[in-house]
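Working notes, structure below.
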Amino acid sequence: MKRFSLIAAMLLGATTLFGGVYNVDVAHSNVGFKIKHMMISTVTGKFDTFKGHFDYDEKTGTLKALEGEIEAASINTGIEKRDEHLRSKDLF
């Protein structure tokens, strides 16, 4: 598994959070990307398998920790041949 940071702004958008450790709700979240290809088109995709958690300190209003993991093999650009190449030893 490859580890990547998740965007904290999405997780901390609400101002009424209570302090504690929270897991990312994978049913209502996504890990996606957009990459320019040869300056002509934009390739979009996502990772279907991921998890994460964060630790929010209500007293100080700060994010104490943030950790996320994606399964690189779960890459999904909607084009199977491209996905197979991205999963190869050349890239992931």
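Within the range 18-41, being surrounded by 10 or more Cβ atoms within 10 Å (Cβ to Cβ), out of contact with any Asp or Glu (no Cβ under 7 Å at 6 or more places or on another chain) and hydrophobic (A, V, I, L, M, F, W, C) holds for Val24, Val26, Val31, Phe33, Ile35. Which is out of contact with any Ser or Thr (no Cβ under 7 Å at 6 or more places or on another chain), open to solvent by 90 Å² or more (accessible area, probe 1.4 Å), at pLDDT 95 or above and not hydroxyl-bearing (Ser, Thr, Tyr), of Glu80, Glu67? Sole residue among the options that is out of contact with any Ser or Thr (no Cβ under 7 Å at 6 or more places or on another chain), open to solvent by 90 Å² or more (accessible area, probe 1.4 Å), at pLDDT 95 or above and not hydroxyl-bearing (Ser, Thr, Tyr): Glu80. Would a scan of the range 71-79 turn up a residue that is of a type in the set (S, T, N, Q), in contact with a Gly (Cβ under 6 Å, 6 or more places away or on another chain) and outside any strand (DSSP E or B)? Scanning the range 71-79 turns up at least one residue that is of a type in the set (S, T, N, Q), in contact with a Gly (Cβ under 6 Å, 6 or more places away or on another chain) and outside any strand (DSSP E or B).
The values are calculated or read from the model by the stated rules, or taken from the named source; none is laboratory data. All values reported here derive from a predicted model rather than from experimental measurement. Ideal geometry is used to build each Cβ from the backbone, glycine not excepted, and the neighbour counts take in all protein chains shown. The protein model used for the area step is the full one, side chains on, heavy atoms only, and it has no ligands, DNA or RNA in it. Shrake-Rupley method; radii C 1.70, N 1.55, O 1.52, S 1.80 Å.
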